Amino acid sequence: MSQDLIRAPLASMLDRRSFLALVGAAGAATLAGGSAMAAEPKRGGVLRLAASINPSSLDPTTGGSGFDHCYLWTMYDTLVEWDYDTLKPKPGLAKWSFPDPKTMVLDLQPNVKFHDGAPLDAEAVKFNLDRSRQDQRSNVKADLTSVAEVVVTGPLQVTLKLKNPDTALPAILSDRCGMIISPTAVKTHGAASDRNPVGAGPWKFVSWADNQKVVVARNDNYWRKDRGFVDGIEFNVIPEQATGLRSVVAGQNDMTFSLPARLKPVIAKAKELQSISAPTLYCIQFYFNTKRKPLDNLKVRQAINFALDRDAFVRATMAGLGEAATMTLPKSHWAWSEAASKLYPHSVEKAKKLLEEAGFPQGIELTVGAYTDQDSVRRAEVLQEQLGKAGIRLKFTRGTVAEISANFFNQGYDMLLSAWTGRPDPSMTYALGFDKGAYYNAGREATEELSDLIRRSRESENLKERAAVFDKIQQITMGQALSAPVAFQYELSAMTPKVKGYRPNLLGKPKFEFVSLE
Amino acid sequence: MLAPAKRRMIRRRLLQAIPVIILATFIVFGLLKLVPGDIAVTLAGDNATDARIAEIRTMYGLDQPFLVQYGGWLMKAVQGDLSKSLLSGEAVLTSIARCLPNTMLIVVLALMLAMAIGIPLGILAASRPGGWVDGFVMSVASLGVAIPNFWLAMLLVAWLSLSMGWLPATGSVPFTENPWESLRHAILPAVALASGGIAEVARQLRSSLVEVLSSQQVRTLHAKGVGPASILWKHGLKNVSVNLLTVISLLANRILAATVVVEAVFAIPGMGSLIVHAAVQRDFPVVQGVVFVMVLIVVSINLLTDVLYSVLDPRIS
């Protein structure tokens, strides 16, 4: 795979105080006679986290919420992993190869055991992949549609026979589909596997009390010694994020994460807290229903994209903790397209002119679905003002995420102000959000050309070649203005000084494998 | 030992509770179904497809007619099975068994605070109506009614937990596990819940006490030479006890409802948090289960009040 497309790794952005603290720590380590790099993180202690959302399920196959991952990563190892900064896939439980475009071979790490003592071998992986593909309760069937058959070709080797070339599979196997659960546990517990997770990750499941607490404890037989430092993790479920942050300020929890930018000043005011922020794929955007008038008109959709002042939005609503989104991928991603990024420089004049050409010299009124939480309301107000300047008047209907999203994707409004949470492989984003018949494509239509390109984006294993295809895809989705991306939200987490080694990742779903407590 | 008449009354009240429970759960179920939004979409997850959503609807019986769904739930509930959460699969009874003690602890503590502070204040104010003590107590009481409890809750957290570090800011500890820690966690939420109640008890007690103390009966007692203390404690309070009981029972029900907000501020995993979370996600078995238990509690409080009425005033039957 070519390296040149991996843009400069994103150093996670620490604020000044934390940065100084780190420099201080490194200095102290050097003084003590060892280099900071060689210092082995301290083992032990229980990491207490304030987490804002209860898991939907602790079985990766049956769950549905994007927030689940922070729980799942602790208990399950994945077949494939990714680089924290770029999401470039790398071997996890398995090394992969494509001997020919329609065959993928997985070679498993030897001597790995599940928490129940059963071996994690080829049979177990086949069981998992077949379950993801076929089980009635599986929520990830769509991820593996390219797989025709899973064959055990050795005690530690699994071969995937593909219907069509699919080089998104390594990234797909770094997500839910690649989290391997013990077949014995699934057979014993049946549907209760949701609440009895048995994986092979650094920590074992202890307990889950709904909306209250999830507890995991160290797996002493974990196959890798360079991670999993704390003895246990306690996720305390606190839905109100300001309250969660207060629990960290008061010292009842050690850390909280995925905070909205509005809490940044609160963190800064608390003397003892360090904060870490870093880019993620979480893209705040307007979804369009291109089937409804007047959004079926390309010029209207383009006018909206021109009318958005994305940089002002980042300053006004995100305290600068974000990146203006000119497409559904951030600048640091390997598949970012320079050509697509230049399509819509902010221009009210151009937006007005396009509306006039489209036959709406008096402007237009659009119905928009949006959510009721504080951050959504604030975003909506800023965007309403921005688009209003170009004569695009927004009429909001507000409600819960479940209600408004379901309404929009079932043809309820012209637009939806929401977010796209990002996927490990960009082809998943385009297949789920823009392809013909895709659920997140409210108009359900797509041109032949786009569908064909999305398919082709999974044909090559070479990142450079893939990036070239994504370049075309993004020029179409943005050129056709199939959505209006606004901004990428940064991950913002706050922790007490004793929490060390936390590294945010581009996917924006925290892993705690490198965290230690002093 | 209860008199047969009282036992009859209790039996009658219990029977009356049945239609109340059915009606309440039916209305709530209807509201959940009327409000747009679909749990099948939530269940289908991030990679939802139209086919998967339809499949989930069939799997959970969400495509069944409204009455069939409600009937199914009711039949199970009658047999003591409150079903499972559609979202997480936890048995609703398990969730309630865990959350209810947390809520009851702060409700009971708040009620005790409201009475322990409100009653003396009311008596103090009523003993010299129009005096400066009365004026002061009633101004404070007005303030107590006017202050929203969630706002007071946040001030208390900011001051006593975050600045002073005396009390925990969030969470709760089961009483059975560690009574001392449990009370420490419960005290701030209880104060926030009790603030309005203290004011209400004080005001109501004052006005009924003033009325009784200026009655002809009390004037007669004075004339007979009964001391002021005896008038207040033996005759005055006895006469207002029924009023006071009404205020307290109404207060108990209202505090129960207010836990929804206060539990969110203090991140207490109680009944309020449970039902809010479930209602937002359209997880109707959980909502139904919580409503069911809440109705039971409210009906029991009312029943207990009625029984106490007849104890305090034998003329009431």
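What the table shows:
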quantity	calculated
Which listed residue is within 14 Å of chain A (Cβ to nearest Cβ), over 18 Å from B:Val287 (Cα atoms) and in contact with a Lys or Arg (Cβ under 8 Å, 6 or more places away or on another chain), from B:Pro168, B:Pro129	B:Pro168
Set A:Ala185, A:Ala200: member being assigned to a loop (DSSP other than H, G, I, E, B) and away from chain B (no Cβ under 14 Å)	A:Ala200
Selected residue [over 20 Å from A:Ala446 (Cα atoms), of a type in the set (A, V, I, L, M, F, W, C) and under 21 Å from the mean Cα position of the chain (by Cα)] from A:Leu308, A:Leu329, A:Leu321	A:Leu321
Contacts under 7 angstrom Cβ, first residue in region B:269-281 being more than 9 Å from chain A (Cβ to nearest Cβ) and surrounded by 24 or more Cβ atoms within 10 Å (Cβ to Cβ), partner of a type in the set (Gly, Ala, Ser) and not in a helix (DSSP H, G or I), 6 or more apart	none
Selected residue (criterion: farthest from A:Gln475 (Cα to Cα)) from residues of region A:325-346 that are in contact with a Pro (Cβ under 9 Å, 6 or more places away or on another chain) and among the aliphatic types (A, V, I, L, M)	A:Ala325
Selection within region B:262-303 - more than 17 Å from the chain's Cα centre (by Cα) and either in a helix (DSSP H, G or I) or among the basic types (Lys, Arg) (or both)	B:His277, B:Ala278, B:Ala279, B:Val280, B:Arg282, B:Phe284, B:Pro285, B:Val286, B:Gln288
Selection within region A:296-324 - outside any helix (DSSP H, G or I) and farther than 19 Å from A:Gln475 by Cα	A:Asp309, A:Ala319, A:Gly320, A:Leu321, A:Gly322, A:Glu323
Selection count, region B:19-43, where residues are within 14 Å of another protein chain (Cβ to nearest Cβ) and in contact with a helix residue (DSSP H, G or I) (Cβ under 8 Å, 6 or more places away or on another chain)	11
Members of region A:210-250 found to be more than 8 Å from chain B (Cβ to nearest Cβ), part of a loop (DSSP other than H, G, I, E, B) and of a type outside the set (D, E, K, R), listed by number	A:Asn219, A:Asn221, A:Tyr222, A:Trp223, A:Gly228, A:Phe229, A:Val230
Residues being part of a loop (DSSP other than H, G, I, E, B), surrounded by fewer than 24 Cβ atoms within 10 Å (Cβ to Cβ) and either more than 14 Å from chain B (Cβ to nearest Cβ) or modelled with pLDDT under 90 (or both) - total across region A:38-61	9
Tally of residues being hydroxyl-bearing (Ser, Thr, Tyr) and surrounded by fewer than 21 Cβ atoms within 10 Å (Cβ to Cβ) across region A:111-153	3
Within region B:1-41, considering residues that are of a type in the set (Val, Ile, Thr) and under 22 Å from the mean Cα position of the chain (by Cα), the one nearest to B:Leu308 (Cα to Cα)	B:Ile10
Candidates A:Val125, A:Val158, filtered to the one that is within 28 Å of A:Ala191 (Cα to Cα), of a type in the set (Val, Ile, Thr) and part of a strand (DSSP E or B)	A:Val158
Residue list for region B:47-65, restricted to those being of a type in the set (Lys, Arg) and buried (at least 19 other Cβ atoms within 10 Å of the Cβ)	B:Arg52
Answer residue from region A:425-438, given it is surrounded by fewer than 23 Cβ atoms within 10 Å (Cβ to Cβ) and touching a Phe, Trp or Tyr at 6+ places or on another chain (Cβ under 7 Å) and is nearest to A:Ala168 (Cα to Cα) among those	A:Leu432
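The values are calculated or read from the model by the stated rules, or taken from the named source; none is laboratory data. A quick note: this is a predicted structure, and the numbers were derived from the prediction, not measured. Backbone-built Cβ (ideal geometry, glycine too); neighbour counts: all protein chains shown.
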